[in-house]
Structures are given as structure tokens and as C-alpha cells.
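The values are calculated or read from the model by the stated rules, or taken from the named source; none is laboratory data. A quick note: this is a predicted structure, and the numbers were derived from the prediction, not measured. A quick note on method: Cβ atoms are made from the backbone with ideal geometry, for glycine too, and the neighbour counts reach across all protein chains shown.
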Amino acid sequence: MKENFPKPTTSSEKESALDAREKILTHHAEYAITAFEKYAKENNLNLESVETVRRLFETLTEQGIRNSAVFEAKEVGASFPWTVVRVGDIARELQQSSDKIPAAEKNREEAEDAGAEKKSKKEFVFGTFLNPQNGNQFCFFEEVMHQVVARLPRALEALSERRDPESDELYVLGSPSNEYGSVSDEFVEAMHGDHAFEQFGKAYAVFVDSVLSADKVSAKTDVLFSGLSMGGSLAAETAAQVLKDGIATQSQDERDIKPFLNVRLDVPVGPSDLPTSRKRWQLPAGFALDGLYNLLTNPYARTATFREKPFMDKVDTRMAEQGISKNMSKEQEALKKEAIAEIIGNLRDGVPLPPEVRSTEVVGMYDPAMFQTSALEKAKTQREEHKGSLGAGLVSDTPEHRKFAIAMGHSVPFFRENEMHRIAKTANAIDELQSVV
């Protein structure tokens, strides 16, 4: 079972790998390219930009697959699949030959020799799972795509100026209950009694500690935990453990001596304000309703649903080539299903946010899994009273927790028109860099 951290390969190795292999796209990227092509035609953009976007997402997917591994949290008796995407590496791969920027390599060596502290950003993404096939290292990969699109122009600008890009890393954490993960009897036993999310948080905290302690400049690192739906509670519980263990801090007084942690929770169903008796039936009913509605009305939901398995089949082949095999013995299958049952049971009972964790929460005004008429009216009033201001969506603001409500359901609309704007801008930056190399 592999737990080593993937290291960047040389430019020649990357080019050989990309040239020799079938070009693979995540199911998220397949839709994004189709949506961007439509956007490009409607806005009279050069259609060559569509091929640039395709190359971007092929490079992104390839890095995600190549960096896939399994991490073993021996301290708690669990392991899980994960991957990392490094924005600087993607910029270099898109440039096709990092040896064309010797000044950047020289600057990096000089900075390391001088012991210079360089700012680092690391995001850890937590997703959702309902069975062992879910919870892989590409769950909620739309967030990775969004962040790469947003950050890549700056990295490309650094390369064009013969500078080394900033260190931006995006980690996606799969679940111990996934086919590639493992759970021990002791791990599952410790989940009983409403401790399921806490136990998962302990496993993830071991991973976060490994990443940050391996970073020579961790004291200058900004860390973000980003959790979607069930992943919101996983992110919050991991944050509580990380803070308890002193791995990171949320204190401004300590941000120069420890990694500084921010926590963002998108449509987190665990801490919703619904009464427990109502939550137990509304959560599963809301998930089912939201899923059916999106399958019928949302082209992206259909692509993501029906194209995930063909993509993961290709990932399975590559994982096997990398010496990583599934762990689905009869014993493991039973333990994983028990672990998932504990997680879902805790979720339906409610998972309050740890009071010691400062977080930002984004909920959907029309989310059927959490819908309350009183909450909707409050959100509408707030939007009307603060129309056009940043406070329009703010429905709760305390020192520990800020909560925003926006007009959406449970499914986060990743590929809206403003995201197409960002993709177009990034494609232009890639083409400009190519023209000067």
C-alpha cells in the first residue's frame, strides 16, 4: 500500500508520459469543455481557445492521476486514497519545457540556499460518499479545477518573467470507506456513539500533519479546508483535531509561527438548523429530490453522473500500473459498509460545528435537504435590505462563524457564466505564454 508523497517529475518525463498515454479527462472536465465551446461561440472567441482549454484540463487530469496514492494513518487504523495538484507544475507542463526558463530554476536554488521563506498555499478538499465506490480522490474535483483556473494566470506570468511560481497545492482526500482505502475493527468501533466524523477527522489530521511537517516553510503557509455537503462536517472535525494537536492555528497572534487555517463549508447538511426529528427524514428525501431534479434539468449533473464510471475505470487501470490495488475483501467490505452506516446515521442526527473552529458556511436558499421557510424569509429580507452590498447574503455573523445564503439548491453551480469568463482569461494567458517561448 503506497503512502509516499508524489514528487514533481522532470519536464522530459512529464512530456513523455503525456505523449505516450491516452489523453484522459475527468467527467467534470468533459462538461466544462463542452460548456466553454458553447460560450466561445456565443461570444465570438477564437475557437483555438477551446483546444487550449482541452489541453489545460488534460494536463490537470493527468497530474491528478499521476499523483494518486494511498495514505496510511497507522495511528488510527485507517487508510484512504488521495491526490495533489500543483499549480506551478501545471504551468510548467503547459509551457512544455521548464528548461527554457533557467532563470526561474536559478532563482529557486538561490532562494533555497539562502533559506528564504516563501509563502505557500495548501487547500485540502473533503467530499461526500454513500458507498465504497464513492469517496475517491476525484470527488469534488470541480473545486480543484476552479482554483487552478483562478491561480494559473499568476503562475504563467511568473514563468514569463523568469520567476518561480508561488507554491500552490490542492489536495483531494478520499474516504477510508472507498475501495482503495481500509478501516480496522478498532477504527469502526471508535466511530460508535456519535463519533463517526470525529474518527474520520483524526485520520485526515494525520495526513495534514504529514503534509505540513514535510513543508520546510510551513510557518508561512496558508491552509484552507474546503468541504462540500457531508464533506463540510469532515472538514470541520478535521480542523478541530488539527487545532487541538497544534498542527495549525486560527489565531492572528500565531500566524507567523504556525500554518494559518481557514475553513469553508459549502452546503454542509450536518450542522443545519433543522430539528433532529425532521432532519432524519428530510436529509435523505432532500438528497433524492435534488438529485432527480438535477438529472432532469441540469446537463452537468447528467454528465457527471453517467460519465464518472468510465473515467474511474481508466483511473483504476492507471492505479494498477502504479502498484495500487483495491482493498475489498469480504471483511473490508463489511467494515466499510458499517463505517458508512455510522457516518450517515450521525449525519441524520445532526453534526454540530465544533465551537473552537472558525468557519465560513455557504448554504442554498432552496436546498431541499435543509430547507426551512423561516430561513428562506430571513435570507430574502437580508438580500433586500443590503441589496448590492457584500452583506446581502450574510445571514449569521459571529466571531466563530459566518453564514451566507445564496440562491441555489444543494448542488453547487460550478460552471456558471462567470467561470467561463475565468476559463477564457486563463486560456488567453496560456496562449500568450506559448507565443513568447
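Structure values in brief
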| read-out | value |
| --- | --- |
| Matching residues, segment 227-271, being within 24 Å of Gln282 (Cα to Cα), not charged (D, E, K, R) and not in a helix (DSSP H, G or I) | Gly227, Leu228, Ser229, Leu265, Val267, Pro268, Val269, Gly270, Pro271 |
| Any helices (runs of 4 or more DSSP H) falling wholly within segment 1-114 and containing at least 3 residues that are out of contact with any Cys (no Cβ under 9 Å at 6 or more places or on another chain), crowded, with 22+ Cβ neighbours inside 10 Å and at pLDDT 50 or above | 27-42, 48-66, 87-95 |
| Within segment 370-401, considering residues that are crowded, with 16+ Cβ neighbours inside 10 Å and over 28 Å from Ala285 (Cβ atoms), the one modelled with the lowest pLDDT | Ala392 |
| Counted residues, segment 261-294 - those being over 19 Å from His410 (Cβ atoms), surrounded by fewer than 19 Cβ atoms within 10 Å (Cβ to Cβ) and in contact with a Ser or Thr (Cβ under 9 Å, 6 or more places away or on another chain) | 1 |
| Filter result (over 24 Å from Ser233 (Cβ atoms) and part of a strand (DSSP E or B)) within segment 150-200 | Ser167, Asp168 |
| Some residue of segment 207-222 being among the aliphatic types (A, V, I, L, M) and under 30 Å from Glu30 (Cβ atoms) | yes |
| Out of Ser184, Ser213, sole residue that is among the polar types (S, T, N, Q), farther than 30 Å from Asn428 by Cβ, modelled with pLDDT of 95 or more and surrounded by fewer than 23 Cβ atoms within 10 Å (Cβ to Cβ) | Ser184 |
| Out of Gln137, Gln147, sole residue that is more than 20 Å from Asn346 (Cβ to Cβ), in contact with a strand residue (DSSP E or B) (Cβ under 9 Å, 6 or more places away or on another chain), in a helix (DSSP H, G or I) and in contact (Cβ under 8 Å) with a residue 24 or more places away in the chain | Gln147 |
